[in-house]
Amino acid sequence: MGIDEGFDMIPPLSREAKDVKDWENFLDCVRTFYKDDPKVETNSHSIGFNAGEYPELPFEGHKFLRFSSKISGRIASDTGVENYINMVTSMAKIIFGPRVQHWSEAFDQYGHYGWEEIHRVRETWDKPDEPMSTAPDPPAAEPGQQSAQDKHLKLFEVQQLPGKGRGLIALCDIAKGTRIVREKPLFTIDSMPPAQLDKVIAAKVKALSKEEQRQFLALHNNSPGKHAFTGIAKTNCLPCGSDSTTGGIYLTICLINHSCLPNAHNNWNEDYEEETIHATKPIKAGEEITIDYSKADPSHIRQQQLRNSFGFDCQCTLCSLPPQQLKLSDDRRVQIQRLDDGIGDPMGMLSRPGACLADCLSLLKLLEEEYGEAASIFVARACYDAFQISVAHSDRSRASAFAERAYKARIICEGEDSPATQRMKRLMENPASHRNFGACSKKWKGSDKFLPSSLSADEFESWLWRRAT
Ligand SMILES: C[S@@+](CC[C@H](N)C(=O)[O-])C[C@H]1O[C@@H](n2cnc3c(N)ncnc32)[C@H](O)[C@@H]1O
């Protein structure tokens, strides 16, 4: 028993260069700050704080989830552990921003990760890592072991699933925001008539290694017939960006099945020219990893689309709900679309921005009801809508707050290194840099001051959404 306090890193850092460098900077700050403090010691794999329950920071950032200790009791107060927790948290916040989530049981706040997961990761601190491969063309490997990172963490494996063919099953609990896969396309294709496309794909397949050819030909083909290559491509390709007419074929990502309430999100990272998959909610060991192939339509529309384009009758948890509950979801999705269309109307933004902002809030509430904690991508878009409304009427403070929400939601579903996430971060820091700043009016310029810091959470929401109190 006792009161714990600390911070969690959400999502955990990766082994990529930026995260490694940031973690080194952070450890350097900690070492410099505590260089004359005998309670802060350097061990073989960590910096340890000889206070409270001996909180530690591993040398390898990707093996770090939590820095915490009990802050109640005699040992805690004699050793002043709470000061260490607070100072290290502040330093981490400066370097890692909102990824650092401080919590204190004194205020009924609890860490994001379970203790079992914390202890499991802690046990890896003194174990050497598999070398990380960033080679653009990794040697053919079993899906699920695509990168050394996956191999090390063994996040998933490919299994044969009843009625679905192959699919990805989580091998351990996967935290929300975790990057599950990052994969370069085997090849990309542009939109063209099937006869021509078949020839183009045939040439691309010919250029692959024998193992890659075998794996490509083993991908599901939902429309077997004359144009076999086109059939495989159409069943499997994912657009390289939301408006792109180019699609990518992947040996691992293309094995991910569909759910209308998925637990993962796919995104094209144009900087890396890779597709990424992130957990949008916690995924339990043994659970299937799923993405959404459809357009979030009500059930009768999306089921028809899934049948026509992918040849299956969806029996996901949402589609299998009793009719009355399914109707509630359908009604919500209709309302979500209606609100979305209204918010996107430039005349609305120009002539009734307050009402548009209220619609964004209603939209967010509906999204939360429909998607629960897996709503990140929709939240990111709705908060960006609210940002645009604020920016168009010169309201810097609220625009920055909305961009921050969009930024945090993008981190979950695309990662800190996604160009869209980075763009949100820049807009959060400087909303006036948006090309539409002041484009509609200057009528909200009066509120162009710093965020009110003394408001309670409820008061802040009322201020943010311009609700009368
Ligand atoms: C991109 S592939 C996914 C991997 C595929 N299961 C395989 O074995 O290669 C798409 C195909 O998987 C199957 N599939 C995907 N999601 C499904 C689901 N929720 N229920 C049934 N079949 C599904 C359909 O046959 C669909 O055309």
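Restricting to the range 198-247, what's the tally of residues that are among the hydroxyl-bearing types (Ser, Thr, Tyr) and crowded, with 16+ Cβ neighbours inside 10 Å?
The qualifying residues number 3.
Of all residues in the range 376-399, those being under 14 Å from residue 435 (Cβ atoms) and either charged (D, E, K, R) or more than 23 Å from the chain's Cα centre (by Cα) (or both) number 3.
Sort through 313, 385 and tell me the only one that's of a type in the set (Asp, Glu), within 16 Å of the ligand (Cβ to nearest atom) and either crowded, with 21+ Cβ neighbours inside 10 Å or outside the structural domain of residue 223 (by TED's automatic domain parsing) (or both).
Values: 385 fails: within 16 Å of the ligand (Cβ to nearest atom).
On inspection, the qualifying residue turns out to be 313.
Residue 113 fulfils the conditions (1) assigned to a loop (DSSP other than H, G, I, E, B); (2) over 30 Å from residue 424 (Cα atoms) except for a single criterion, (2).
Is one or more of the residues making up the range 368-379 closer than 18 Å to residue 281 by Cβ, among the charged types (D, E, K, R) and in contact with a helix residue (DSSP H, G or I) (Cβ under 7 Å, 6 or more places away or on another chain)? Steps first, answer last, please.
Just the residues of the range 368-379 that are closer than 18 Å to residue 281 by Cβ, to begin with: 368-379.
If we keep only those that are among the charged types (D, E, K, R) too, we end up with 368-370, 373.
Imposing the further condition that a residue be in contact with a helix residue (DSSP H, G or I) (Cβ under 7 Å, 6 or more places away or on another chain) reduces the set to 369-370.
Scanning the range 368-379, I find at least one residue that is closer than 18 Å to residue 281 by Cβ, among the charged types (D, E, K, R) and in contact with a helix residue (DSSP H, G or I) (Cβ under 7 Å, 6 or more places away or on another chain), so the answer is yes.
Being over 30 Å from residue 408 (Cα atoms) and touching a residue at least 60 places away in the same chain (Cβ under 8 Å): is that true of residue 205 here? When the stated conditions are applied, residue 205 does not pass them. Of all residues in the range 204-243, those satisfying the criterion of being small (Gly, Ala, Ser) and either farther than 30 Å from residue 420 by Cβ or outside the structural domain of residue 191 (by TED's automatic domain parsing) (or both) are 207, 209, 218, 223, 225, 228, 231. The residue that is farthest from residue 192 (Cα to Cα), among those in the range 232-273 that are without any contact (Cβ under 8 Å) to a residue 40 or more places away in the chain, more than 10 Å from the ligand (Cβ to nearest atom) and touching a Gly at 6+ places or on another chain (Cβ under 8 Å), is 268.
The values are calculated or read from the model by the stated rules, or taken from the named source; none is laboratory data. What you see is a predicted model, and the numbers here were worked out from it, not measured in a lab. Don't worry about glycine lacking a Cβ; one is built from the backbone with ideal geometry, like all the others, and counts go over all protein chains shown.
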